[in-house]
Amino acid sequence: MRQELSTIAATSQLSVQSFGEQLEARVHAAYQATREAQQIVDCYRPPNQADLQSLEAAETFVKSDEYHQLLADCRAAAEPASEREIRTELSCLVAAFPTAARADLKVFGALLVADVAAAKPSKYGLATACRSLRRTSRFLPSISETLEAIEKAERSLHYKRRSIETMPEHLAKIRRIATEYENIEQARSKA
């Protein structure tokens with residue numbers, strides 16, 4: 001039974017893991033585009049050609065299908081994990097620590113699943129937390145360590161999702177400021 005669960009878990013977990021990693025890379029790239037445009041606001045100076053090109057590229061991005069797909073993917077990642085997904089991720093987590101004491105593992109596993117399910121993690125939060133724990137923990141993490149890792153991943157997802165959702169409004173604000181700077185510069189050059 002445990003071996004079957006581990007095989008099923010490993011197969012489905014790889015797709016969730018790669019989706020999470022791809023999502024992080026795509027969000028980071030979108031954030032960088034906005035960050036470059038943000039230089040117009042941060043530098044308190046009229047925008048130069050490079051600033052305007054960065055702003056135009058970011059504005060083009062938020063009108064693209066790629067942006068809308070990224071937004072949909074962020075929303076899908078925030079969906080609550082099902083009971084099956086929780087069991088699968090946690091069985092992978094437990095299986096990754098072969099030195100764990102086997103005597104109480106059944107009780108620990110049941111408590112871990114119950115407590116994590118009660119926290120209602122997102123698919124992304126759960127997968128990201130479990131991946132992080134497998135990569136950084138030397139011993140089987142406690143329930144509290146697991147819940148802390150999930151909370152950290154949930155905060156990260158919330159921030160990423162919010163950044164993507166508010167990107168069009170943020171870029172509109174940057175565009176208004178860039179236009180104001182250009183109008184001021186034009187008025188100065190005429191005077």
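Scanning region 20-49 for residues that are of a type in the set (S, T, N, Q) and touching a residue at least 12 places away in the same chain (Cβ under 8 Å) turns up T34, Q38, Q39.
Is it fair to say E180 is farther than 23 Å from R87 by Cβ, surrounded by fewer than 16 Cβ atoms within 10 Å (Cβ to Cβ) and in contact with a Cys (Cβ under 8 Å, 6 or more places away or on another chain)? Here the answer is no, as E180 does not meet what is asked. Scanning region 38-74 for residues that are open to solvent by 70 Å² or more (accessible area, probe 1.4 Å), among the charged types (D, E, K, R), assigned to a helix (DSSP H, G or I) and over 15 Å from H170 (Cα atoms) yields D65, E66. Residues that are of a type in the set (A, V, I, L, M) and open to solvent by less than 40 Å² (accessible area, probe 1.4 Å) within region 122-170 comprise L126, A127, A129, L133, I143, A149, I150, A153, L157, I164, M167, listed in sequence order. Listed by position, the helices (runs of 4 or more DSSP H) inside region 75-143 whose residues that are under 19 Å from the mean Cα position of the chain (by Cα) and at pLDDT below 95 number at least 3 are 123-136. Among the residues making up region 75-121, a single one is open to solvent by 40 Å² or more (accessible area, probe 1.4 Å), more than 13 Å from I143 (Cα to Cα) and β-branched (V, I, T): T99.
The values are calculated or read from the model by the stated rules, or taken from the named source; none is laboratory data. All values reported here derive from a predicted model rather than from experimental measurement. We place every Cβ from the backbone using ideal geometry, glycine too, and count neighbours over all the protein chains shown. For the accessible areas, the whole protein counts, side chains as well, though only heavy atoms, and no ligand, DNA or RNA atoms are used. Shrake-Rupley method; radii C 1.70, N 1.55, O 1.52, S 1.80 Å.
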